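The values are calculated or read from the model by the stated rules, or taken from the named source; none is laboratory data. No experiment lies behind these values; they were computed from the predicted model shown. Here Cβ is always computed from backbone atoms with ideal geometry, including for glycine, and neighbour counts include all displayed protein chains. Heavy atoms of the whole protein, side chains included, go into the accessibility calculation; ligands, DNA and RNA do not. Shrake-Rupley method; radii C 1.70, N 1.55, O 1.52, S 1.80 Å.
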Amino acid sequence: MSKPYRLSAGGRLIDRAKKVSFTFDGGTVSGFAGDTVASAVMASGQRVFGRSFKYHRPRGLVGLGSEEMNALVGVGLGARHEPNLRATQVEIFNGLAAVSQNRWPSLTWDVGAINNRLSRFFPGGFYYKTFMWPRSFWKHVYEPFIRRAAGLGKAPEGRDPDAYEQVHVHCDVLVIGGGVAGLAAAEAAAANGARVILADENPRLGGLADISGGQVDGQALPDWAAATGARLHAAANVHVLNRATAVGHWHHNFVMLFERVADHDPALLSSGVPRHRLWKVRARQVILATGSIERPVAFANNDRPGVMLASAARGLVERYGVAPGSNGVVFTNDDDAYQTAIVLKHSGVGVRVVDSRGRAEGALPNKAREMGIPVDAGSVISAVSTGWGGLGITGVKIATYRKGQGRVIRETGAEADFVAMSGGWNPALHLWCHNGGKIRFDEKLQAFRPGEHHDKVTAVGAANGHFALHQILEEAYRAGSRLAGSGNVHPVPTAVQAEERPLEPIWFAPATGKYNEGNKHFIDFQNDVTAADLELAQREGYESVEHTKRYTTFGMATDQGKTSNINGLGVIAEASGKTIPEVGITTFRPPYTPFSFGSIAGVLTRDLFLPIRRTAVHQWHVDHGAVWEPVGQWRRAYTYPRDGETNHQSIDREILAVRNKVGLLDASTLGKIEIKGPDAAEFLDRMYTNMFSTLKTGKCRYGLMMNELGFLTDDGVTVRLGDDHFLMHTTSGGADRISAWLEEWLQTEWTHYRVFVTNVTENWSQFAIAGPMAREVLRKLEPSFDISNAALPHMSFVEGRLGPYPVRVYRISFSGELSYEVATPANHGLGLWKEIVAAGGEFGLEPYGTEALHVLRAEKGYIVVGDETDGTTTPIDVGLDGLVSKKKADFLGKRSLDQEYLKAPNRKQLVGLLTEDPDDVLPDGAYAVRHVKDKPPMEMIGHVTSSYRSPTLGRSIAMALIENGRARMGETISFPLPGGKVVRARIADTVFYDKEGAKLNV
Amino acid sequence: MLVVKCPVCGAEGDETDFHAGGQAHVRRPATCDPAHVTDAEQRDYLFIRINPRGLHFERWRCDRGCGKWFHAARDTVTMEFKAFYGITELPPMDVIAQAKGQWAEYFAKRLGAERSRETGA
Amino acid sequence: MSELSYQSPLAGLAEPHGLSVSIREIAGRGMIDLRGLGTDAAFMAAARGVLGVDLPTKPRTSASWGDIRVLWLSVDQWLILGTRARAHELLASLREALTGIHALAVDVSDMRAIIRLEGEGCREVLMKGAALDLLDKEYMPGCCRRMRYAEIAALLDVVEDNVFDIYVFRSYAHHAWNFLCATARAPAKLKLFGAQEVPG
């Protein structure tokens, strides 16, 4: 049955001197440079490209370009494999490996095809109806079955070896589509001095110019297109992008162009160019010259391999010199498809025309008849006959047709091995609709056309429903001129083209018998939705087209309804007795065609996946074996395990060093904000719950911040550097947020305050030297200032030098030990850190990480905003009532603390927990319940906020937010854990170590 | 993605260069008279917002630019910005005139109050 | 104790190879963040007195005077650049001159890393990380602006036509550097607009 179909001559795009061979499903196929996988495979005589999604019916080529919905292939091997590419767009090269999809084990013999025999049981809404119950079947029965049977293509294996990138670009005019209209619009805009980007999804410009016939200024249309394209490539103010599909159009003319830079050329790819590039274009004006897409006709078994669009059949001959078959039928309701018949006849292919219109007159039909092509007017194809397995057609049935006719009584047979169908042309409105453009139904075209658009978008040519060459040129040149700003109208060349008479819509070609009695009229080929499915949905009450869409999955496949949309609406309209505008439309959503994840990620992969912030000491931490803890985008040392130590052993060692000797922590990530101005003190009184205007210069005070809801958002120590000058410390994650927060209140509420705020977090490295020996270490560092307890007591500050290092020293403690936080400008940070490590050696100094820090603070009952608080926690909840000023008239959150629901008696309060078994460490987040039951649900009365094993105390400690917790001191409560274990713990004070604070004031 | 223009420094850019700050012209009752803010006033201040289909008034910050807050009038259907104006200012009169529903009521009250303050002074 | 040790944010990084433009760290620059009201004549005069040049008030512009360069950051904020030693002197002089004037001058010499891009195609390289219209005539020498670059906050200073300084906060220096190395790879060089080859 398979025989070569390459014509002896013709094929504008191929170079017969350059043979190219590649594989399709493992078999070698040869073609010529310029071929696509589709054209080369067709030339080899093979018709079947894949199996359909639901019924596993064999499917062949239907389209010419990106509208192709059946011939989807996976291309490339291993990590470079890319599924779901349209064979019509994949350019071949030597060594290319393509595979068909959705078939098992082979294209010609497919197990899943049983679904087709059982299709009576797979009506529209099948999945909804069948897989609803029993619920437990979903996970183990239905889902694995569906996943195996369905799915298009398979994912690549392994890490993507190629590079991808994104680029932002701005232009005055973005012209999408490089066909006749796009070329004309771009030329006019460029001539007016605009910065123009012309993007086209094909390897070269021209659109359908090469298969449309006609002349411009005496030149054949393809020659005019080539010449205009060359001028645009050469222009200084134009950037032309080939192989670049506009995949989405968003607000304010933000358009994404997906450029396949190197897919077509392995040599280019191996030179290191990005495989794909995603352009993020911001255009003042967008001109949509996206053309139109031919629509199929719904006739019985219109999905059989060999049934294709008339434009595709014409394109195969004209572009690639490939015959769609040896003897075929053009089935049409318009004049345009006669061009296909004429081209086929010229190439020596047997052809006849079946025209559903009562009268087939006009230039093109007459020309066809003159050439000896038989034309059956007032007729339809009522059936196709196929060979074994439906792998290819052998003939068609032709019947007479009147509009409204429901069923065919008499039909005559004719031999045919292909059908070229045309149900008219739909303007490609996808991009128009992505950005909220309205569309309207055009009775003459029987298609939707652009209506209103609130953005600066203009559709021209076929995209605007204009198909006559002179009309396209006039409109496109005018639009390009007008939108470029200066508005000098570019001269419009003269056009000559055969005139076409209007189409007559046919949404459904009748057949003998009822629907689904061996006859399937496919509407959405990719999702296997038939006319019968749409009618069933109507009968079942899915009146809204949006409901029908979701119920039947019509228009929801990767082709986003490119060929099916209007046909489906036509069927629904006829079934419901409405007009198409009454039925309404569904929305096209991005992307226009699928695009790669690689291009979406761009260069933001591997070490660039997330911006990582490093302190000045980062490399030292790396060199000393630090395990990392991500804190926001920062990487902080979690602990520094030594040879053979577990993290736990290492953390315990670090904690005990701080408690008994001295430790060193890189605290550079803490937020640091300078605040200065005559109103700075009053401003801080507004920001913090407690009072800062009373703070003495040179002193530090711990402050709490609430948002306006009365919930804790940050905390930290603020230092008064001078009368009108403060330095605020924030949490590590809070620096940018809190500095923006301060600015917001200054700019939007207390605009009369004279205060400046500068975030200086990154200017300083800051290290905590903590432990009983901290002063000895500091002394060894040659301080230029008095560090005695009298001169520099707890919560005080001094500025000076340690040896040659300029420093600010804050005597503050988050560990409960004698502690100095030493800050030095960041470019000196590493140097000072090393000096401290060296100076501390004789005192047993150990660097410690964030986990030791957390255990140390938990032993002291110090809260961490974000651990002990969850965004709904007030200062009172965590027992810090003392830090909420009673004197200040107003500060952020004050009024909200007075609301009833924040004063309710049963709020959760922060308490300490001591487990009955001291070796039990409660998991973070464990729930406390009122009564333990055999199984959930159990009534929850609180949860663990922090939980550690304390090496200092030799037992576990925890903090928890427990309903009415402070009134339950001494009570034992239960924490049922997953797996059935119940941990019991006694409610205790949150301070587990050195309750008097004796160790702080030494 | 929207294109925003800062009225303070004139920088124009993608919305990712800016920070959206919710509804504009929300009054903080405690700033004026902290001792006499009713629960209802506080509730309205914290939680009650206008959510119109059409012209809306918002706060934005020139986050990756001059750092200043400002106001914007935006149509929530077409996404068109009708005006950008200062953080302490009211919208231009021609934009106020286009306001509907709750916004129209708000501006009528606000302008009325200002007029009576002027005549009182 | 030994000498004062100094490590610039990108110290010790190997020189990158195979890039379409040159990138290098500009280390050792001193910087002062100066805040004050552009509408306050006393403030502006005091600043001019110390710097020898008016603080630029036109948004997104820079001004230079001898070894001092001033970048506009906001209507009430400027970044003053000089050598580190000079910055220390300037800061002391500024603080003295601004006594009694509402202002905030802070030494931020260690807060940012500066990466210089040089060569044909710099703009296109930057366009892979910034949404600005860098081909517009606004981005000529004398222009500076804060921006979102490579997903982080950055400051752009157009030094000469094909010379750009990118300032990023110190902790992000390696991220910005790696992003530039990834986007400036020679095979990924991009030329926008101008004559192009017609595909065959």
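Averaging the sequence gap over all C-alpha pairs within less than 8 Å and six or more residues apart, then dividing by the number of residues, gives chain A a relative contact order of 9 percent. Residues whose amide H comes within less than 5 Å of that of A:Lys860, counting only those at least five positions distant or on another chain, are A:Phe992 (H built at 1.01 Å from N in the peptide plane). Applying the Karplus relation 6.51 cos²θ - 1.76 cosθ + 1.60 with θ = phi - 60° to segment C:47-61 yields 3J(HN,Hα) values of 5, 4, x, 7, 8, x, 8, 5, 5, x, 9, 6, x, 6, 10 Hz, where x marks Gly and Pro. Extent of segment A:818-922 along its three principal axes (Cα atoms, max minus min coordinate, largest first): 56, 44, 21 Å.
Our summary gives segment C:22-188 a relative contact order of 24 percent, counting only alpha carbon pairs under 8 angstrom and 6 or more residues apart. For A:Lys699, the residues whose amide H sits under 5 Å from its own are A:Arg720, ignoring neighbours fewer than 5 places away on the same chain, with H placed 1.01 Å from N. Convex hull of alpha carbon positions in segment C:131-200: directionally averaged projected area 6.0 nm². Please report the net charge: other residues with Cβ closer than 14 Å to the Cβ of C:Glu160, K and R +1, D and E -1. With Lys, Arg at +1 and Asp, Glu at -1, the neighbours total -2. Here segment A:160-265 is treated as a Stokes sphere of Kirkwood radius computed over C-alpha pairs; at 25 °C and 0.890 mPa s its diffusion coefficient rounds to 168 µm²/s. Binning all Cα-Cα separations of segment C:22-188 at 10 Å, short to long from zero, yields these whole-percent fractions: 10, 39, 32, 15, 3, 0. In the frame of its principal axes, segment A:928-1002 has Cα extents of 52, 26, 17 Å, reported largest first. For the listed peptides A:969-975, A:31-37, a ranking on the average number of other beta carbons within 10 Å per residue, highest first, reads A:31-37, A:969-975. Among the residues of B:44-57, the average count of other protein chain beta-carbon atoms within 10 Å of the residue beta-carbon is 1. Here the contact order of segment B:3-92, divided by its residue count and restricted to Cα pairs under 8 Å and six or more residues apart, works out to 28 percent.
For the residue pairs A:Lys154/C:Lys191; A:Lys672/A:Lys696; A:Lys280/A:Lys562, the C-alpha atoms sit more than 27 angstrom apart in A:Lys154/C:Lys191. Once divided by 2.2 N^0.38 Å, the Cα radius of gyration of segment B:3-92 becomes 1.19. Surface composition of chain C: carbon plus sulfur atoms contribute 52% of the solvent-accessible area (1.4 Å probe, protein chains only, all chains present).
What the phi angles of segment A:676-689 give under the Karplus curve with 6.51, -1.76 and 1.60, with θ = phi - 60°, is a coupling list of 9, x, x, 9, 4, 5, 5, 4, 5, 4, 6, 7, 9, 6 Hz, glycine and proline written as x. The alpha-carbon atoms of segment A:543-610 define a convex hull whose volume equals 101 cubic angstrom per residue. Take A:774-785, C:186-197 and order them by the average number of nearby Cβ atoms within 10 Å per residue, most first; the result is A:774-785, C:186-197.
For the listed peptides B:99-109, A:452-462, a ranking on the average number of other beta carbons within 10 Å per residue, highest first, reads A:452-462, B:99-109. Computed 3J(HN,Hα) for segment A:286-301, one whole-Hz value per residue from the Karplus formula 6.51 cos²θ - 1.76 cosθ + 1.60 where θ = phi - 60°, is 10, 10, 8, 10, 7, x, 9, 10, 5, 10, x, 10, 7, 10, 4, 6, glycine and proline marked x. The H on the amide N of A:Gln285, modeled in the peptide plane, is under 5 Å from the matching H of A:Val173, A:Leu174, each at least 5 residues off or on a different chain. Remark: chain A carries 37 Å² of accessible area per residue (probe radius 1.4 Å; ligands, DNA and RNA excluded).
Rounded to the nearest 500, the helix-only mean residue ellipticity at 222 nm of the protein assembly as shown stands at -6500 deg cm²/dmol, with each DSSP H run of n ≥ 4 adding -39,500 (n - 2.57). Round to the nearest 0.05 the FRET efficiency obtained for A:Lys933 and A:Asp994 when R0 = 35 Å and r is the Cβ-Cβ distance. Plugging the Cβ-Cβ distance into 1/(1 + (r/R0)^6) gives 0.30. Legend note: in the protein assembly as shown, cysteines whose Cβ sits 4.7 Å or more from every other cysteine Cβ are A:Cys171, A:Cys433, A:Cys700, B:Cys32, C:Cys122, C:Cys143, C:Cys144, C:Cys181. For the protein assembly as shown, a simple Cβ point-charge model (Lys and Arg +1, Asp and Glu -1, everything else neutral) yields a dipole of about 2140 debye relative to the Cα centre.
With Cα atoms as the point set, the radius of gyration and Dmax of the protein assembly as shown evaluate to 36.7, 114 Å. Note on C:181-187: average number of Cβ atoms from other chains within 10 Å of each residue's Cβ is 5.
Chains A and B: buried accessible surface, both sides, probe 1.4 Å, rounded to 100 Å²?
2300 Å²
Computed on the Cα atoms alone, the convex hull of segment A:548-691 gives a volume of 335 cubic angstrom per residue. Look at the stretch C:56-62: the mean tally of other chain Cβ atoms within 10 Å of its residues' Cβ atoms is 2.
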